[in-house]
Amino acid sequence: MTTWRALALAGLPGMLAFAAPASAQDEEVPETDVPEAEAAEPVELTDEELAALPPSGPSLVAIDGSPWGKSLYPRGFTLPETAIVCLEDAGDFVVFGRKRESADEKPEALLFSGEGCMAAPPRGGEEPAEEPEEETLPPIPEAIAFDPDELIIAASTGPDAPRFPAGTKIVAATRICLEEGSRVSLFTGAIVRTIEGAECQIAGIRGVSTRSAFANLTSKNRRVRTGSVRSASTSPRETYMIVIRGSEVARRFYPLGSRVRTGGRICLPPSSGFLTFQREEGGTLTYGEDGCNRAIAEPAASDQSAGAGSGP
């Protein structure tokens with residue numbers, strides 16, 4: 001997958017075209033003051049404005065993953081269904097459950113695996129969203145959707161990795177034999193199992209009711225209204241922040257009203273702009289494009305897209 005740094009370097013030839021000619025390179029250039037980009041004064045929304053934001057939409061909940069994957073997306077961590085999930089190594093993976101919209105909807109697991117970013121595929125039976133005519137974003141691969149009762153290869157490394165590619169669905173009776181230095185991670189329900197070489201093992205995990213374990217993690221789907229985000233509670237708890245402003249492209253991934261854990265991993269692709277969050281405990285935080293959790297100064301109001309309290 002093309003890295004974000006490579007995309008940035010693509011603009012290098014155009015920058016070089018503005019270099020001074022050789023005859024002018026030795027001339028002294030007078031120093032001039034270059035004005036810095038204007039930053040917006042952070043504006044918090046009132047409780048009434050927060051309540052007017054859309055309710056948080058369908059979401060994904062982290063079930064399990066590789067050790068590093070779980071450090072980035074801890075168990076129980078939620079994201080909007082439109083968000084992208086970014087990992088840093090070929091052997092990393094994280095499994096999200098897609099929260100059910102109704103009691104009779106079938107549970108579904110999503111595998112995000114390998115280096116780079118992936119997006120959740122459309123729900124079963126839904127048509128993919130139409131892309132704008134002037135689409136500037138690079139294509140984003142889709143995660144692999146599977147039934148939580150299925151046994152799936154979540155990640156593989158070492159000499160045997162080509163034999164066991166991530167996303168391959170296998171039956172429980174499959175006998176997996178590995179060479180020294182190989183590792184295969186399997187996932188079913190809410191259980192991760194790792195087999196390391198050199199040895200042979202049966203893939204299936206016995207004595208585990210996988211569907212009930214998975215369902216317990218994905219069945220509670222309350223669409224949270226974004227009313228007052230401050231709390232009088234003094235007991236230790238996780239805090240959240242809400243998307244209150246952002247550029248048009250960034251809001252495709254995190255719509256207005258999206259509610260995420262404070263300090264959680266938030267990734268935006270190149271050319272997507274910015275998002276501004278309001279914290280439960282007060283204050284705002286703005287993240288910029290081309291990376292994860294890239295804190296920036298919020299752009300001036302003239303550069304912002306729709307969002308309550310963003311000014312004229």
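The table below lists the values:
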quantity	calculated
Theoretical FRET efficiency, 1/(1+(r/R0)^6), r = Cβ-Cβ of residue 193 and residue 89, R0 22 Å, to 0.05	0.65
Vicinal HN-Hα couplings computed from phi for segment 58-71 (Karplus, 6.51 cos²θ - 1.76 cosθ + 1.60; Hz; Gly/Pro x)	x, 9, 10, 10, 5, 9, 5, x, 5, x, 6, x, 6, 6
Ranked order, 113, 71 - accessible area, probe 1.4 Å, largest first	71, 113
In Hz, Karplus ³J(HN,Hα) per residue of segment 260-268 (6.51, -1.76, 1.60; θ = phi - 60°; x = Gly, Pro)	10, 5, 4, x, x, 6, 10, 10, 10
Accessible area (Å², 1.4 Å probe, nearest 10) - residue 157	50 Å²
Residue 73 long-range amide H proximity, modeled H, under 5 Å	none
List 75, 279, 265, 98, ordered by accessible area with a 1.4 Å probe, largest first	75, 279, 265, 98
For residue 171, solvent-accessible area (1.4 Å; no DNA, RNA or ligand), Å²	100 Å²
Solvent-accessible area of residue 191 with every protein chain in place, 1.4 Å probe, in Å² to the nearest 10	60 Å²
Accessible area in the full protein assembly, largest first, 1.4 Å probe, for 123, 100	100, 123
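The values are calculated or read from the model by the stated rules, or taken from the named source; none is laboratory data. Given the structure is predicted, the values throughout are model-derived calculations rather than measurements. Neighbour counts are summed over all protein chains in view; Cβ atoms, including those assigned to glycine, are modelled from backbone coordinates with ideal geometry. In case anyone asks, the SASA skips ligands and DNA or RNA and just uses the protein heavy atoms, side chains included. Shrake-Rupley method; radii C 1.70, N 1.55, O 1.52, S 1.80 Å.
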